[in-house]
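Each value in this text was obtained by applying a stated rule to the coordinates, not by laboratory testing. Worth saying up front: this structure is predicted, and the values here are computed from it rather than measured. Note: ideal-geometry Cβ built from the backbone for every residue, glycine included; neighbour counts use all protein chains shown.
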Amino acid sequence: MSPYPFILIIGYLIVKYFIDKENSKPVTLVEKSHNDILSSLKTKDDVIKYFGIPDSKKELNGYEEWIFLKGKTIKSNSTTESSEGYSAIGGAYLGIKNMPIAAGTIQNHGLGHTNYEMEEVSKHIKFIFQGDEVIKNESVGVDLTSYRTITTGEWEKEKKSLRSHYMKVEMENNNSSIGNKYTTIKSPINGTFYRQPGPNKHNFVNEEDLVSSGKVLCTIENTGLFYEITSPINGQIVNILAKHASKVEYDQPLFIIEKL
């Protein structure tokens, strides 16, 4: 018995192992950004549902202020004095936990000296309400960004799904099969759709392939004659809408290409 089938099987299993390993790598994605979360909280009920009861409330000339405390951070204020009498003031949130409050002077290579003052500052989120509505929010030292972890394979599928979704929305907004960004390639005749130039040949194109104007995308067979369908633009294949060797009709969508 020829050893080649066993070699092919072993080769296939090795390739599959590395593909599966690559697709199983974790990818961390931002589920919702800090600003998106804050902007989604529009009423007192929204704020309470997300944060609970505020740590402090205050009336401010017809407005109401709520503060949610989220721990402590350290703020550094520095004043630099040069030998020529110039000075500069700066401050930065260091975000260092449990640092003692301190003050000191550091020499600045003979050009002057810098006074550093460290003060403890509360990390907090503040909301200002007019009636029940949020009119302003402010955060200090707090990041509400939420994350999620999925596999590389799941992310590739999700990207493809999202791309198709936004492509569909854009086309609907343009009220046309040809929008500003996407072009639909349709069948010019009835016939049989072929993605390959012949049996056991590679596909003319695959999804996500980059194509140039004039690139053959497929052939359509009608009464024994094969008609080549080419791309009218430079772009990337987003979707292939017909199956290989399936019957297609005149004006049936075959490909969607994103213009580049």
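Couple of notes before you dig in:
- Sorting F18, F204 from the fewest to the most surrounding beta carbons within 10 angstrom yields F18, F204.
- Applying a threshold of 31 Å to the alpha-carbon distances of K21/K181; K201/K259; K32/K126; K201/K247 flags K21/K181 as lying beyond it.
- At 0.890 mPa s and 25 °C, Stokes diffusion of the range 1-58 via Kirkwood alpha-carbon radius, µm² per second: 146 µm²/s
- Restricted to Cα atoms, the range 176-259 shows a radius of gyration and a Dmax of 12.0, 37 angstrom.
- Separation of the range 4-36 from the range 199-260 is 28 Å, based on Cα centroids.
- Converting the Cα gyration tensor eigenvalues of the range 33-75 into ellipsoid dimensions via √(5λ) gives semi-axes, longest first, of 18, 17, 11 Å.
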